[in-house]
C-alpha cells in the first residue's frame, strides 16, 4: 500500500501574545509542565478554549494534553490545539529540537482517507524588525512537518521536508499508549546546504537525514507541537506532550 498520510498545507498563523500579566500567568501554568524555564519566554498556547487543553499526571510526572474535536472553534483560522515555541536563531545555525509524545489507546484515525493531521511543524513568520506584519505576509506551507495517520491498521508518523514539501519519509509506526521520543536537528538555510536529521526513540541513531533549503525567508521559523488537522476530520482526539528541549548545536 502506498504511504500517503500527508498533503501540502498552506496557512497563515500568529502566535498568541498574552497582553496582561494575569493572562500570561494562566498560560504559563500550562506551559510549565512541558517547557523548561529557559524556553518559556518563547512559548505560547494556540488553543481555542479550555476544553482543548488539560494537565495530566501529578507532581514531576505532569505533562500537557491537547484535544481537537468536531465543531470546535477555530484558532488562527484552523482546527488546532498547539503549543508554539519561537526559539531564536539565524540562518546558518543548527538547532536541536526534542520532545516526547503519546497518543492514547482510544485514538481514532482518519483512515482510510488519511487527511492531513500535523503533530509537529516549523513555520515561517514576518520579521518585525523590518516592519513586516501578518497582515501582508504571504501564506506559505511549513518547511518541515511531521504528520500522523494510519497504514495497514497501524498508526504511524511521516515527514515532509522542503519549500514545497516534496521530500518525504515514512512510515514510522507508533504504539498507542506508549511515550515516544522525537528529535530533529535542523541546519537552517535558504540554500541547498540546509538539512534536517530525524531521531525516533533511539536518540543515538537517526532514522533519516533530508537535505535542501528549509527557510522561506531568512527570519527564524517557529516550532508548533500538538495537533493541527484537516477541518473535515470528524474524530475527537487527544495527544499528550512532554519534555520539550531546544538548543543550538555547533556546526561542523
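Any read-out appearing in this document is the output of simple, stated calculations on the displayed coordinates, not a laboratory observation. For clarity, every value in this text was computed on a predicted model and none was experimentally measured. Ideal geometry is used to build each Cβ from the backbone, glycine not excepted, and the neighbour counts take in all protein chains shown.
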Share of Cα-Cα pairs in the chain lying beyond 31 Å, as whole percent: 18
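Ranked from highest to lowest mean number of other Cβ atoms within 10 Å per residue, what is the order of the peptides 37-44, 94-101, 174-181?
On the way: 37-44: 16.1, 94-101: 19.1, 174-181: 13.6.
The packing order, highest mean first, is 94-101, 37-44, 174-181.
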For segment 73-176, the Rg and Dmax computed from alpha carbons only, in angstrom: 15.9, 49
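Note the per residue figure in Å³ for the convex hull of the C-alpha positions in segment 171-234.
Values: hull volume 9.0 nm³, N = 64.
About 141 Å³ per residue, rounded to a whole number.
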Most mobile of 129, 209, 143 in a GNM of the chain (Cα contacts under 10 Å): 129
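Between residue 152 and residue 37, what FRET efficiency comes out of the Förster formula 1/(1 + (r/R0)^6) with R0 = 35 Å and r the beta carbon distance, rounded to 0.05?
Working: r = 42 Å, r/R0 = 1.21.
It comes to 0.25.
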Amide N proximity, segment 21-39 versus residue 62 label position 7 Å along Cα-to-Cβ, cut-off under 14 Å: 25-37
Mean residue ellipticity (222 nm) of the chain, computed from DSSP H runs ≥ 4 via -39,500 (n - 2.57), nearest 500: -1500 deg cm²/dmol
